[in-house]
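Q: Sharing a structure here in C-alpha cells format.
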Amino acid sequence: MGEGESKKERTYLKLHPAIAPVKAAILPLTKKDGLPEKAKQLLDLLKYDFNIIYEEKDTIGKRYTRQDLIGTPFCIAIDHQSLEDDTVTVRFRDTTLQERIPMSAVHGLIEKACSHKSIFEQLAKNLA
C-alpha cells in the first residue's frame, strides 16, 4: 500500500450458520423488472424451513453490510440473469466470496451449512 492508503477493516458478526438467528437474506438487485417477484419465489421456497430476511431497500452493498452486522451467513442476490436461467448469486459472509448457483440448490446449501453435524465437523477440524 502506498503512503496515505489504509486498508478498510470490515466488521461482521461471525456465527456458525447453525446458530445464526437469520440464515439468509434474499436481495433483489432492483425494485423493478420482475426481480422482486423472482426473489419472492425463492423466499416462498425457504421461509418455512429457515429464518429468512427479504430486503430491497438501499444499495446492494449497504444491504450486505447490514446483514454482515447481524451475522447472516448467506446473502442471495437476484439479478437479471436470475430471470433468464434461474440462477442466483450467493455471497458468503465470512469470506465475501460469491458463487453463482441454481435457485433449486439454495435450500440444500443452507440446510447443509446449518446442520448440527457441520458444527461438530468444524470443532473436530479445529482440534486436530
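The values are calculated or read from the model by the stated rules, or taken from the named source; none is laboratory data. Remember, predicted model here, so these are calculated numbers, not experimental data. Neighbour counts run over all protein chains shown; Cβ positions are idealised from the backbone, glycine included.
Q: When you go through (1) within 30 Å of residue 126 (Cβ to Cβ); (2) surrounded by 12 or more Cβ atoms within 10 Å (Cβ to Cβ); (3) in contact (Cβ under 8 Å) with a residue 12 or more places away in the chain one by one for residue 10, which number turns out not to apply?
A: So residue 10 meets the others, but not (2).
Q: Can I ask one more? If you go through the stretch 54-86, how many residues are in a strand (DSSP E or B) and surrounded by fewer than 19 Cβ atoms within 10 Å (Cβ to Cβ)?
A: 1
Q: Would you point out which residue out of 74, 92 is in contact (Cβ under 8 Å) with a residue 40 or more places away in the chain and aromatic (Phe, Trp, Tyr)?
A: 74
Q: Taking only the stretch 61-85 into account, find how many residues are under 10 Å from the mean Cα position of the chain (by Cα) and either among the aliphatic types (A, V, I, L, M) or farther than 23 Å from residue 112 by Cα (or both).
A: Selection size over the stretch 61-85: 2.
Q: Let me ask something else. Could you check the stretch 91-128 and list, in sequence order, the residues that are modelled with pLDDT of 90 or more and either crowded, with 20+ Cβ neighbours inside 10 Å or at positive phi (or both)?
A: In the first step, residues of the stretch 91-128 are kept if they are modelled with pLDDT of 90 or more; the result is 91-113.
91, 93, 96, 106, 110 - these are the residues of the stretch 91-128 that are modelled with pLDDT of 90 or more and either crowded, with 20+ Cβ neighbours inside 10 Å or at positive phi (or both).
Q: How many of the residues in the stretch 1-48 are at pLDDT 95 or above, of a type in the set (D, E, K, R) and within 17 Å of the chain's Cα centre (by Cα)?
A: Summing the residues that are at pLDDT 95 or above, of a type in the set (D, E, K, R) and within 17 Å of the chain's Cα centre (by Cα) in the stretch 1-48 gives 5.
Q: Mind counting the residues in the stretch 87-115 that are of a type in the set (Ser, Thr, Tyr), in a strand (DSSP E or B) and closer than 20 Å to residue 67 by Cα? Full working, then the answer.
A: Filtering the stretch 87-115 down to residues of a type in the set (Ser, Thr, Tyr) leaves 87, 89, 95-96, 104, 115.
Still in the running and in a strand (DSSP E or B): 87, 89.
In the following step, the residues that additionally are closer than 20 Å to residue 67 by Cα were identified as 89.
Residues in the stretch 87-115 being of a type in the set (Ser, Thr, Tyr), in a strand (DSSP E or B) and closer than 20 Å to residue 67 by Cα: 1 in total.
Q: Restricting the search to the stretch 23-57, which residues are aliphatic (A, V, I, L, M) and closer than 15 Å to residue 109 by Cβ?
A: Answer for the stretch 23-57, where residues must be aliphatic (A, V, I, L, M) and closer than 15 Å to residue 109 by Cβ: 24, 25, 26, 42, 45, 46, 52.
Q: What single numbered condition from (1) touching a residue at least 24 places away in the same chain (Cβ under 8 Å); (2) surrounded by 14 or more Cβ atoms within 10 Å (Cβ to Cβ); (3) not in a loop (DSSP other than H, G, I, E, B) fails to hold for residue 40?
A: If we test residue 40 against (1) touching a residue at least 24 places away in the same chain (Cβ under 8 Å); (2) surrounded by 14 or more Cβ atoms within 10 Å (Cβ to Cβ); (3) not in a loop (DSSP other than H, G, I, E, B), just (1) comes out false.
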